[in-house]
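J.: Structure incoming, see below.
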Amino acid sequence: MTMPTDGEADRILQLEEEVQQLKEAVVSHAVVDQAIGVVVVLGRLSPDQGWTVLREVSQHTNVKLRDVAGTIVASGRTGVLPQGIRAELRKALDRLGAPGCPDAAGPAAAARPAGPFRARDAVTGP
């Protein structure tokens with residue numbers, strides 16, 4: 001077996017870093033998709049609306065989207081959602097008229113029937 005030249009060694013390192021970044025991106029994408037699913041269920045929204053909610057929460061809290069997504073997914077297991085994210089999530093759901101939000105405005109709230117699971121219940125807390 002021959003040893004790689006300096007140029008080849010640099011290229012190998014570069015490719016290894018790229019592989020690591022791609023692995024991280026795949027994991028991040030999966031977490032974002034899971035969080036969109038949680039938001040879709042909470043607010044009875046379309047996946048596009050769920051994406052919009054995540055993006056708005058990220059922008060209004062100045063927290064990276066993948067971190068907001070991870071926090072929302074983890075909250076499904078732990079029941080804990082930090083105050084800032086919880087407040088922005090509630091506002092974003094309200095803006096879209098998510099059902100179960102008593103003070104939600106807009107035609108979307110009236111168009112969808114309220115069910116046993118209320119979005120407001122999921123995003124309110126101590």
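J.: Could you go through the stretch 45-61 and let me know if any residue there is out of contact with any His (no Cβ under 6 Å at 6 or more places or on another chain), in a loop (DSSP other than H, G, I, E, B) and at pLDDT 70 or above.
T.: Checked against the condition, which is being out of contact with any His (no Cβ under 6 Å at 6 or more places or on another chain), in a loop (DSSP other than H, G, I, E, B) and at pLDDT 70 or above, the stretch 45-61 yields at least one hit.
J.: If you take the residues of the stretch 1-12 that are surrounded by 10 or more Cβ atoms within 10 Å (Cβ to Cβ) and not charged (D, E, K, R), which of them is farthest from Arg66 (Cα to Cα)?
T.: Of all residues in the stretch 1-12, those surrounded by 10 or more Cβ atoms within 10 Å (Cβ to Cβ) come to 4, 8-12.
From what's left, not charged (D, E, K, R): 4, 9, 12.
Details: Pro4: 37, Ala9: 32, Ile12: 28 Å.
Going through the qualifying residues, I end up with Pro4.
J.: Restricting the search to the stretch 37-53, which residues are within 15 Å of Gly76 (Cα to Cα), surrounded by fewer than 23 Cβ atoms within 10 Å (Cβ to Cβ) and under 12 Å from the mean Cα position of the chain (by Cα)? So that I can check it myself, show each step before the final result.
T.: Our first condition is that a residue be within 15 Å of Gly76 (Cα to Cα); within the stretch 37-53, this holds for 37-43.
Pick out the ones that are also surrounded by fewer than 23 Cβ atoms within 10 Å (Cβ to Cβ) and you get 37-38, 40-41.
Hits for the stretch 37-53 are Gly37, Val38, Val40.
J.: A further question follows. Would you please name the residue that is nearest to Leu96 (Cα to Cα), looking only at residues in the stretch 13-36 that are of a type in the set (Val, Ile, Thr) and either free of Cβ contacts under 8 Å to residues at least 40 places away in the same chain or surrounded by fewer than 11 Cβ atoms within 10 Å (Cβ to Cβ) (or both)?
T.: Filtering the stretch 13-36 for residues of a type in the set (Val, Ile, Thr) gives 19, 26-27, 31-32, 36.
Next, from what is left, pick out any that are either free of Cβ contacts under 8 Å to residues at least 40 places away in the same chain or surrounded by fewer than 11 Cβ atoms within 10 Å (Cβ to Cβ) (or both): 19, 26-27, 32, 36.
Working: Val19: 38, Val26: 29, Val27: 28, Val32: 19, Ile36: 15 Å.
So, considering only residues that are of a type in the set (Val, Ile, Thr) and either free of Cβ contacts under 8 Å to residues at least 40 places away in the same chain or surrounded by fewer than 11 Cβ atoms within 10 Å (Cβ to Cβ) (or both), the one nearest to Leu96 (Cα to Cα) is Ile36.
J.: Among the residues of the stretch 76-96, is any under 11 Å from the mean Cα position of the chain (by Cα), closer than 20 Å to Gln34 by Cα, part of a helix (DSSP H, G or I) and modelled with pLDDT of 90 or more?
T.: Taking the stretch 76-96 first, the residues under 11 Å from the mean Cα position of the chain (by Cα) are 85, 89.
Filter once more, keeping what is closer than 20 Å to Gln34 by Cα: 85, 89.
Going one step further and asking which of them are part of a helix (DSSP H, G or I), we end up with 85, 89.
Then keep just the ones that are modelled with pLDDT of 90 or more; that gives 85, 89.
The answer is yes; a qualifying residue exists.
J.: Right, another one. Does at least one position in the stretch 105-112 carry a residue that is touching a Lys or Arg at 6+ places or on another chain (Cβ under 6 Å) and either modelled with pLDDT of 95 or more or part of a loop (DSSP other than H, G, I, E, B) (or both)?
T.: Here is the first cut: in the stretch 105-112, the ones touching a Lys or Arg at 6+ places or on another chain (Cβ under 6 Å) are 112.
Subsequent filtering for residues that are either modelled with pLDDT of 95 or more or part of a loop (DSSP other than H, G, I, E, B) (or both) retains 112.
Yes, some residue in the stretch 105-112 is touching a Lys or Arg at 6+ places or on another chain (Cβ under 6 Å) and either modelled with pLDDT of 95 or more or part of a loop (DSSP other than H, G, I, E, B) (or both).
J.: At pLDDT 85 or above, part of a helix (DSSP H, G or I) and surrounded by fewer than 16 Cβ atoms within 10 Å (Cβ to Cβ): does that describe Arg66? Give the steps one after another, and end with the answer.
T.: On the way: at pLDDT 85 or above: yes; part of a helix (DSSP H, G or I): yes; surrounded by fewer than 16 Cβ atoms within 10 Å (Cβ to Cβ): no.
Against the criterion (at pLDDT 85 or above, part of a helix (DSSP H, G or I) and surrounded by fewer than 16 Cβ atoms within 10 Å (Cβ to Cβ)), Arg66 does not qualify.
J.: Does the stretch 5-25 include one or more residues that are farther than 17 Å from Arg90 by Cα and in contact with a His (Cβ under 9 Å, 6 or more places away or on another chain)?
T.: Step one: of the stretch 5-25, the residues farther than 17 Å from Arg90 by Cα are 5-25.
Those left that are additionally in contact with a His (Cβ under 9 Å, 6 or more places away or on another chain): none.
Looking for residues that are farther than 17 Å from Arg90 by Cα and in contact with a His (Cβ under 9 Å, 6 or more places away or on another chain), one finds none in the stretch 5-25, hence no.
The values are calculated or read from the model by the stated rules, or taken from the named source; none is laboratory data. Treat the numbers as computed from the prediction; the structure is a model and nothing was measured. Every residue, glycine among them, receives a Cβ derived from its backbone with ideal geometry; neighbour counts consider all protein chains shown.
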